[in-house]
Amino acid sequence: MPDAPLLPLSVSIVCCNNERTIGRTLESVDGLAREVVALDSGSTDGTLEILRAHGARIVEQEWLGYVKQKQRALEECTQDWVLHLDSDESVDPGLRGAIEMALGAPDPAVGGYECNRRVWYAGGYLKHAWQPEWRLRLVRRNIARWTGTDPHDYLELTEPNSRTERLGGHMRHDSIDEGIGVFLAKQAGHARTSAAAQVAKGRRGSVPRLVLSPVGEFAKQVISRGAWRDGWRGWVAASASSVAVAMKHAAILEASRAKRDGAGG
(Lines give C-alpha, C1' and ligand atoms only; values in the text may rest on other atoms or scores of the structure.)
Protein backbone atom coordinates (compact mmCIF):
# COMPACT_ATOMS: atom_id res chain seq x y z
CA MET A 1 0.00 0.00 0.00
CA PRO A 2 1.45 3.43 -0.88
CA ASP A 3 2.54 5.61 2.07
CA ALA A 4 0.62 8.66 0.83
CA PRO A 5 -2.61 7.81 -0.99
CA LEU A 6 -3.89 10.77 -2.94
CA LEU A 7 -7.60 10.67 -2.23
CA PRO A 8 -9.03 12.48 0.83
CA LEU A 9 -11.03 9.35 1.57
CA SER A 10 -11.83 7.16 4.57
CA VAL A 11 -13.15 3.64 4.06
CA SER A 12 -15.59 2.67 6.80
CA ILE A 13 -16.20 -1.01 7.60
CA VAL A 14 -18.31 -2.66 10.32
CA CYS A 15 -17.27 -6.23 11.03
CA CYS A 16 -17.36 -9.26 13.31
CA ASN A 17 -15.94 -12.69 12.40
CA ASN A 18 -15.76 -12.01 8.67
CA GLU A 19 -12.48 -13.68 7.76
CA ARG A 20 -14.07 -15.37 4.73
CA THR A 21 -14.82 -12.12 2.91
CA ILE A 22 -13.04 -9.17 4.51
CA GLY A 23 -9.74 -9.87 2.75
CA ARG A 24 -11.37 -9.19 -0.62
CA THR A 25 -13.00 -6.07 0.81
CA LEU A 26 -9.65 -4.67 1.93
CA GLU A 27 -7.74 -5.70 -1.20
CA SER A 28 -10.25 -3.84 -3.35
CA VAL A 29 -9.41 -0.52 -1.66
CA ASP A 30 -5.67 -0.98 -1.04
CA GLY A 31 -3.96 2.24 -2.05
CA LEU A 32 -7.24 4.06 -2.66
CA ALA A 33 -7.88 5.81 0.67
CA ARG A 34 -5.88 7.61 3.29
CA GLU A 35 -7.40 5.48 6.02
CA VAL A 36 -9.48 2.36 6.56
CA VAL A 37 -11.55 2.44 9.75
CA ALA A 38 -12.87 -0.93 10.95
CA LEU A 39 -15.41 -0.98 13.77
CA ASP A 40 -15.19 -4.50 15.17
CA SER A 41 -17.75 -5.94 17.59
CA GLY A 42 -15.78 -8.84 19.01
CA SER A 43 -14.17 -10.93 16.26
CA THR A 44 -12.64 -14.20 17.45
CA ASP A 45 -11.56 -15.62 14.06
CA GLY A 46 -8.84 -14.23 11.80
CA THR A 47 -10.64 -10.96 10.98
CA LEU A 48 -8.45 -8.74 13.17
CA GLU A 49 -5.23 -10.21 11.79
CA ILE A 50 -6.40 -9.55 8.23
CA LEU A 51 -7.32 -5.97 9.15
CA ARG A 52 -3.91 -5.35 10.70
CA ALA A 53 -2.14 -6.81 7.67
CA HIS A 54 -3.88 -4.21 5.51
CA GLY A 55 -3.08 -1.32 7.84
CA ALA A 56 -6.65 -0.70 8.99
CA ARG A 57 -7.35 1.29 12.14
CA ILE A 58 -9.38 -1.02 14.37
CA VAL A 59 -11.93 0.42 16.78
CA GLU A 60 -13.49 -2.02 19.24
CA GLN A 61 -17.18 -1.40 19.80
CA GLU A 62 -19.88 -3.63 21.26
CA TRP A 63 -22.76 -4.15 18.86
CA LEU A 64 -25.13 -1.17 18.95
CA GLY A 65 -27.48 -2.27 16.18
CA TYR A 66 -27.12 -1.78 12.45
CA VAL A 67 -27.85 1.95 12.23
CA LYS A 68 -25.98 3.04 15.35
CA GLN A 69 -22.96 0.83 14.63
CA LYS A 70 -22.49 2.26 11.16
CA GLN A 71 -23.05 5.81 12.42
CA ARG A 72 -20.34 5.23 15.03
CA ALA A 73 -17.98 4.03 12.30
CA LEU A 74 -18.76 7.14 10.24
CA GLU A 75 -17.97 9.34 13.23
CA GLU A 76 -14.55 7.68 13.60
CA CYS A 77 -13.56 8.71 10.07
CA THR A 78 -11.38 11.78 9.60
CA GLN A 79 -11.24 12.43 5.85
CA ASP A 80 -13.50 14.71 3.80
CA TRP A 81 -15.08 11.76 1.97
CA VAL A 82 -16.20 8.39 3.35
CA LEU A 83 -16.83 5.18 1.42
CA HIS A 84 -18.77 2.63 3.43
CA LEU A 85 -18.36 -1.06 2.65
CA ASP A 86 -19.97 -3.95 4.46
CA SER A 87 -17.53 -6.70 5.35
CA ASP A 88 -18.85 -8.86 2.48
CA GLU A 89 -18.66 -6.10 -0.15
CA SER A 90 -15.79 -5.05 -2.40
CA VAL A 91 -15.06 -2.49 -5.10
CA ASP A 92 -14.58 -3.78 -8.64
CA PRO A 93 -12.03 -2.10 -10.97
CA GLY A 94 -14.71 -0.12 -12.77
CA LEU A 95 -16.09 1.34 -9.56
CA ARG A 96 -12.60 2.03 -8.23
CA GLY A 97 -11.77 4.02 -11.36
CA ALA A 98 -15.05 5.94 -11.06
CA ILE A 99 -14.27 6.83 -7.44
CA GLU A 100 -10.80 8.04 -8.38
CA MET A 101 -12.24 10.20 -11.13
CA ALA A 102 -15.01 11.64 -8.95
CA LEU A 103 -12.75 12.53 -6.04
CA GLY A 104 -9.87 13.63 -8.25
CA ALA A 105 -11.89 16.73 -9.19
CA PRO A 106 -14.98 16.74 -6.95
CA ASP A 107 -18.02 18.78 -7.89
CA PRO A 108 -18.82 21.06 -4.89
CA ALA A 109 -22.54 20.64 -5.56
CA VAL A 110 -22.37 16.85 -5.16
CA GLY A 111 -22.66 15.54 -1.63
CA GLY A 112 -22.64 11.83 -2.38
CA TYR A 113 -22.46 9.08 -4.96
CA GLU A 114 -24.56 5.97 -5.38
CA CYS A 115 -22.98 2.62 -6.30
CA ASN A 116 -24.77 -0.30 -7.88
CA ARG A 117 -24.40 -3.43 -5.76
CA ARG A 118 -24.40 -6.82 -7.49
CA VAL A 119 -24.50 -10.18 -5.75
CA TRP A 120 -21.73 -12.61 -6.63
CA TYR A 121 -23.01 -16.19 -6.50
CA ALA A 122 -21.56 -19.52 -7.64
CA GLY A 123 -18.76 -18.02 -9.72
CA GLY A 124 -20.37 -14.99 -11.28
CA TYR A 125 -22.49 -11.87 -10.88
CA LEU A 126 -26.26 -12.07 -10.76
CA LYS A 127 -26.89 -9.52 -13.51
CA HIS A 128 -30.68 -9.49 -13.22
CA ALA A 129 -31.81 -10.80 -9.82
CA TRP A 130 -32.02 -7.91 -7.32
CA GLN A 131 -30.90 -5.49 -10.05
CA PRO A 132 -30.42 -2.60 -10.07
CA GLU A 133 -29.57 -2.01 -6.40
CA TRP A 134 -28.28 1.54 -6.08
CA ARG A 135 -26.88 2.40 -2.66
CA LEU A 136 -25.59 5.77 -1.43
CA ARG A 137 -22.17 4.78 -0.13
CA LEU A 138 -19.66 7.50 -1.02
CA VAL A 139 -20.46 10.70 0.88
CA ARG A 140 -19.03 13.93 2.20
CA ARG A 141 -18.44 13.09 5.85
CA ASN A 142 -19.78 16.31 7.35
CA ILE A 143 -23.17 16.17 5.60
CA ALA A 144 -24.08 12.50 5.92
CA ARG A 145 -25.60 10.22 8.53
CA TRP A 146 -26.92 6.69 8.89
CA THR A 147 -30.63 6.23 9.46
CA GLY A 148 -33.39 3.66 8.89
CA THR A 149 -34.90 0.89 11.00
CA ASP A 150 -32.75 -2.12 11.89
CA PRO A 151 -31.74 -4.13 9.96
CA HIS A 152 -32.58 -1.85 7.03
CA ASP A 153 -30.05 0.94 7.40
CA TYR A 154 -29.12 3.52 4.80
CA LEU A 155 -27.02 6.65 4.36
CA GLU A 156 -28.64 10.01 3.74
CA LEU A 157 -27.37 13.53 3.14
CA THR A 158 -28.22 16.15 5.74
CA GLU A 159 -27.64 19.09 3.39
CA PRO A 160 -30.80 19.55 1.29
CA ASN A 161 -29.03 21.52 -1.44
CA SER A 162 -26.47 18.79 -2.11
CA ARG A 163 -27.25 16.36 -4.89
CA THR A 164 -26.22 12.77 -5.53
CA GLU A 165 -24.83 11.19 -8.67
CA ARG A 166 -24.24 7.60 -9.75
CA LEU A 167 -20.89 5.94 -10.33
CA GLY A 168 -19.95 3.38 -12.97
CA GLY A 169 -18.69 -0.07 -12.09
CA HIS A 170 -20.12 -2.31 -9.41
CA MET A 171 -19.92 -3.08 -5.73
CA ARG A 172 -19.51 -6.83 -5.41
CA HIS A 173 -21.68 -8.39 -2.70
CA ASP A 174 -20.61 -11.82 -1.43
CA SER A 175 -23.76 -12.35 0.61
CA ILE A 176 -24.19 -15.97 -0.57
CA ASP A 177 -20.52 -16.97 -0.33
CA GLU A 178 -21.30 -19.84 2.08
CA GLY A 179 -24.27 -21.16 0.12
CA ILE A 180 -27.99 -20.53 0.05
CA GLY A 181 -28.63 -22.34 3.35
CA VAL A 182 -26.37 -20.01 5.33
CA PHE A 183 -27.81 -17.03 3.45
CA LEU A 184 -31.35 -17.99 4.49
CA ALA A 185 -30.24 -18.52 8.09
CA LYS A 186 -28.94 -14.94 8.10
CA GLN A 187 -32.21 -13.76 6.57
CA ALA A 188 -34.07 -15.45 9.43
CA GLY A 189 -32.05 -13.36 11.86
CA HIS A 190 -32.83 -10.22 9.88
CA ALA A 191 -36.53 -11.19 9.93
CA ARG A 192 -36.55 -11.36 13.74
CA THR A 193 -34.76 -8.02 14.04
CA SER A 194 -37.07 -6.36 11.54
CA ALA A 195 -40.18 -7.81 13.18
CA ALA A 196 -39.19 -6.49 16.61
CA ALA A 197 -38.63 -3.01 15.19
CA GLN A 198 -41.86 -3.00 13.18
CA VAL A 199 -44.01 -4.24 16.05
CA ALA A 200 -42.43 -1.67 18.39
CA LYS A 201 -43.69 0.96 15.93
CA GLY A 202 -47.19 -0.46 16.13
CA ARG A 203 -47.27 -2.48 12.92
CA ARG A 204 -49.46 -5.57 12.93
CA GLY A 205 -48.89 -8.67 10.86
CA SER A 206 -51.58 -10.26 8.75
CA VAL A 207 -52.25 -13.58 7.09
CA PRO A 208 -52.93 -12.01 3.65
CA ARG A 209 -49.50 -10.31 3.70
CA LEU A 210 -47.89 -13.57 4.79
CA VAL A 211 -49.50 -15.41 1.88
CA LEU A 212 -49.33 -12.81 -0.89
CA SER A 213 -46.07 -10.94 -0.27
CA PRO A 214 -43.75 -13.91 -0.99
CA VAL A 215 -45.64 -14.58 -4.23
CA GLY A 216 -45.29 -10.95 -5.22
CA GLU A 217 -41.59 -10.96 -4.42
CA PHE A 218 -40.96 -14.06 -6.51
CA ALA A 219 -42.88 -12.54 -9.44
CA LYS A 220 -40.97 -9.27 -9.10
CA GLN A 221 -37.61 -11.02 -9.27
CA VAL A 222 -38.48 -13.40 -12.10
CA ILE A 223 -40.65 -11.13 -14.24
CA SER A 224 -39.75 -7.51 -13.43
CA ARG A 225 -36.06 -8.08 -12.77
CA GLY A 226 -35.66 -10.92 -15.25
CA ALA A 227 -33.91 -13.22 -12.78
CA TRP A 228 -34.56 -16.17 -15.11
CA ARG A 229 -31.87 -14.73 -17.37
CA ASP A 230 -29.30 -15.60 -14.70
CA GLY A 231 -30.08 -19.29 -15.27
CA TRP A 232 -30.43 -21.66 -12.34
CA ARG A 233 -28.69 -19.16 -10.09
CA GLY A 234 -31.40 -16.61 -10.82
CA TRP A 235 -34.17 -19.04 -9.98
CA VAL A 236 -32.44 -19.86 -6.69
CA ALA A 237 -32.02 -16.16 -5.92
CA ALA A 238 -35.69 -15.42 -6.68
CA SER A 239 -36.80 -18.34 -4.51
CA ALA A 240 -34.52 -17.27 -1.66
CA SER A 241 -35.84 -13.72 -1.87
CA SER A 242 -39.40 -15.03 -1.66
CA VAL A 243 -38.54 -17.19 1.35
CA ALA A 244 -36.88 -14.20 3.06
CA VAL A 245 -40.04 -12.13 2.59
CA ALA A 246 -42.14 -14.97 3.96
CA MET A 247 -39.92 -15.21 7.05
CA LYS A 248 -40.21 -11.45 7.61
CA HIS A 249 -44.00 -11.43 7.49
CA ALA A 250 -44.25 -14.60 9.56
CA ALA A 251 -42.04 -13.03 12.23
CA ILE A 252 -44.08 -9.80 12.22
CA LEU A 253 -47.34 -11.76 12.49
CA GLU A 254 -45.97 -13.90 15.32
CA ALA A 255 -44.53 -10.95 17.25
CA SER A 256 -47.61 -8.74 16.85
CA ARG A 257 -49.95 -11.54 17.97
CA ALA A 258 -47.70 -12.24 20.96
CA LYS A 259 -47.75 -8.55 21.90
CA ARG A 260 -51.55 -8.41 21.56
CA ASP A 261 -52.06 -11.57 23.59
CA GLY A 262 -49.66 -10.34 26.25
CA ALA A 263 -51.44 -7.02 26.52
CA GLY A 264 -54.78 -8.79 26.69
CA GLY A 265 -53.61 -11.15 29.41
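The values are calculated or read from the model by the stated rules, or taken from the named source; none is laboratory data. Every value quoted in this text rests on a predicted model; they were computed, and no experiment measured them. Glycine also receives a Cβ, built like all others from the backbone with ideal geometry; neighbour counts cover every protein chain displayed.
Of the residues Arg209, Arg204, the single one that is outside any helix (DSSP H, G or I) and among the basic types (Lys, Arg) is Arg204. Note on region 79-91: residues that are assigned to a loop (DSSP other than H, G, I, E, B) and within 14 Å of Glu19 (Cα to Cα) amount to 2. Do we have Pro151 as of a type outside the set (A, V, I, L, M), out of contact with any Cys (no Cβ under 8 Å at 6 or more places or on another chain) and closer than 28 Å to Ile180 by Cα here? Judged against the criteria, Pro151 is a match. Among strands (runs of 3 or more DSSP E) entirely within region 1-78, having at least 1 residues that are in contact (Cβ under 8 Å) with a residue 60 or more places away in the chain, surrounded by 14 or more Cβ atoms within 10 Å (Cβ to Cβ) and at negative phi singles out 9-15. Report whether or not Arg233 is touching a Leu at 6+ places or on another chain (Cβ under 9 Å) and charged (D, E, K, R). Judged against the criteria, Arg233 is a match. Given the structure, is Gly111 surrounded by fewer than 17 Cβ atoms within 10 Å (Cβ to Cβ) and out of contact with any Phe, Trp or Tyr (no Cβ under 9 Å at 6 or more places or on another chain)? In short, no. Checking each residue of region 103-115 against the condition of being without any contact (Cβ under 8 Å) to a residue 40 or more places away in the chain and of a type in the set (Val, Ile, Thr) gives no match.
Would you mind stating whether Gly205 is more than 19 Å from the chain's Cα centre (by Cα), at pLDDT below 95, outside the structural domain of Asp86 (by TED's automatic domain parsing) and of a type outside the set (A, V, I, L, M)? Here the answer is yes, as Gly205 does meet what is asked. Among the residues of region 24-33, some residue qualifies, meaning at least one is under 30 Å from Ala196 (Cβ atoms) and either assigned by TED's automatic domain parsing to the domain that holds His152 or of a type outside the set (S, T, N, Q) (or both). The test for being more than 28 Å from Trp63 (Cβ to Cβ), touching a strand residue (DSSP E or B) at 6+ places or on another chain (Cβ under 7 Å) and among the basic types (Lys, Arg) does not hold for Arg229. Could you check, for region 92-107, whether at least one of its residues is part of a strand (DSSP E or B), assigned by TED's automatic domain parsing to the domain that holds Asp30, modelled with pLDDT of 95 or more and within 24 Å of Arg57 (Cα to Cα)? No, region 92-107 has no match at all. Of everything in region 201-253 that is hydroxyl-bearing (Ser, Thr, Tyr) and under 19 Å from Ala185 (Cα atoms), the residue that is surrounded by the fewest Cβ atoms within 10 Å (Cβ to Cβ) is Ser239. The requirement of being aliphatic (A, V, I, L, M), more than 20 Å from His152 (Cα to Cα) and in contact with a Gly (Cβ under 7 Å, 6 or more places away or on another chain) is not satisfied by Ala56. Of the residues Ser213, Ser194, Ser224, Ser242, the single one that is at negative phi, in contact (Cβ under 8 Å) with a residue 40 or more places away in the chain and not aliphatic (A, V, I, L, M) is Ser194.
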